[in-house]
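Everything on this sheet refers to the single structure shown next.
The values are calculated or read from the model by the stated rules, or taken from the named source; none is laboratory data. This is a predicted model, so every value here is computed, not measured. Neighbour counts are summed over all protein chains in view; Cβ atoms, including those assigned to glycine, are modelled from backbone coordinates with ideal geometry.
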Amino acid sequence: MEITIFLAKFWGSLFMILGAMSISAKFLGRVIEYTEDKTITIATGYITFLLGLATVVAHNIWVTDWPVAITILGWITLFKGIEKIGFPDRVNKKAQMFKGGQIVWGGVIFLVGAFYFWISLQI
């Protein structure tokens, strides 16, 4: 259970910071612009891949309780990393859909992070 709490705090903190930056500093818009450069997309794909792989290896727990949310996030992150490495053009095309709603999506990211962090404190 310790790894579950650690990962919930890690991912929760990361998402809250990225969400807040997206709302206040238009960070999401810059990330979307960076997807136009295949080199940056592939490089961040390796980081995303490694974060996802580490989460899946450390926490591949399929239960009918909240810890499964960590496992699902790990798998999504792993596949997102593979997509960024293998299909950077598709990533850029998909990223353009979020360009207009930076503040809304930043809020969604923040709230997902707040959920993960809050749930980690309930144990």
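Here GLU36 meets each of (1) under 30 Å from ILE123 (Cα atoms); (2) not in a helix (DSSP H, G or I) with one exception, condition (1).
Considering only residues in segment 37-69 that are aliphatic (A, V, I, L, M) and in contact with a Ser or Thr (Cβ under 6 Å, 6 or more places away or on another chain), the one that is nearest to MET1 (Cα to Cα) turns out to be ILE61.
Note on segment 76-94: among residues that are surrounded by 18 or more Cβ atoms within 10 Å (Cβ to Cβ) and hydrophobic (A, V, I, L, M, F, W, C), the one that is nearest to the chain's Cα centre (by Cα) is LEU78.
Tell me which residues, restricted to segment 76-119, are out of contact with any Gly (no Cβ under 6 Å at 6 or more places or on another chain) and within 17 Å of PHE6 (Cα to Cα).
The first filter runs over segment 76-119 and keeps only residues out of contact with any Gly (no Cβ under 6 Å at 6 or more places or on another chain), leaving 76, 79-80, 82-83, 86-101, 103-105, 107-108, 111-112, 114-115, 118-119.
VAL112, ALA114, PHE115, TRP118, ILE119, listed by residue number.
Among the residues of segment 42-73, those identified as closer than 17 Å to LYS84 by Cα and among the β-branched types (Val, Ile, Thr) are ILE42, THR44, ILE47, THR48.
For segment 54-75: of the residues being under 13 Å from the mean Cα position of the chain (by Cα) and among the hydrophobic types (A, V, I, L, M, F, W, C), which is nearest to VAL31 (Cα to Cα)?
Going through segment 54-75, the residues under 13 Å from the mean Cα position of the chain (by Cα) turn out to be 55, 69-75.
When the remaining residues are screened for being among the hydrophobic types (A, V, I, L, M, F, W, C), the result is 69-70, 72-73, 75.
Numbers: ALA69: 25, ILE70: 24, ILE72: 23, LEU73: 20, TRP75: 22 Å.
By that ranking, first place goes to LEU73.
Figure legend. Inter-residue proximity from segment 52-76: first residues of a type in the set (Phe, Trp, Tyr), second residues in a helix (DSSP H, G or I) and exposed (fewer than 15 other Cβ atoms within 10 Å of the Cβ), beta-carbon distance below 9 Å, spacing 6+ or different chains. Indicated pairs: TRP62/VAL68. Of the residues making up segment 96-114, just one is in a helix (DSSP H, G or I), modelled with pLDDT under 95 and aromatic (Phe, Trp, Tyr), namely TRP105.
Within segment 22-41, being at pLDDT 90 or above and buried (at least 16 other Cβ atoms within 10 Å of the Cβ) holds for one residue alone: THR41.
Please tell me if ILE76 is at pLDDT 95 or above, closer than 25 Å to ILE103 by Cβ and among the aliphatic types (A, V, I, L, M).
Details: at pLDDT 95 or above: yes; closer than 25 Å to ILE103 by Cβ: yes; among the aliphatic types (A, V, I, L, M): yes.
When the stated conditions are applied, ILE76 passes them.
Among residues of segment 84-98 that are more than 15 Å from VAL31 (Cβ to Cβ), those with a Cβ under 6 angstrom from a residue that is of a type outside the set (A, V, I, L, M) and part of a helix (DSSP H, G or I), sequence gap 6+ or separate chain, pair up as ILE85/GLY45.
Scanning segment 13-60 for residues that are under 16 Å from VAL108 (Cβ atoms) and among the hydrophobic types (A, V, I, L, M, F, W, C) turns up LEU14, PHE15, MET16, ILE17, LEU18, ALA20, MET21, ILE23, PHE27, LEU28, VAL31, ILE32.
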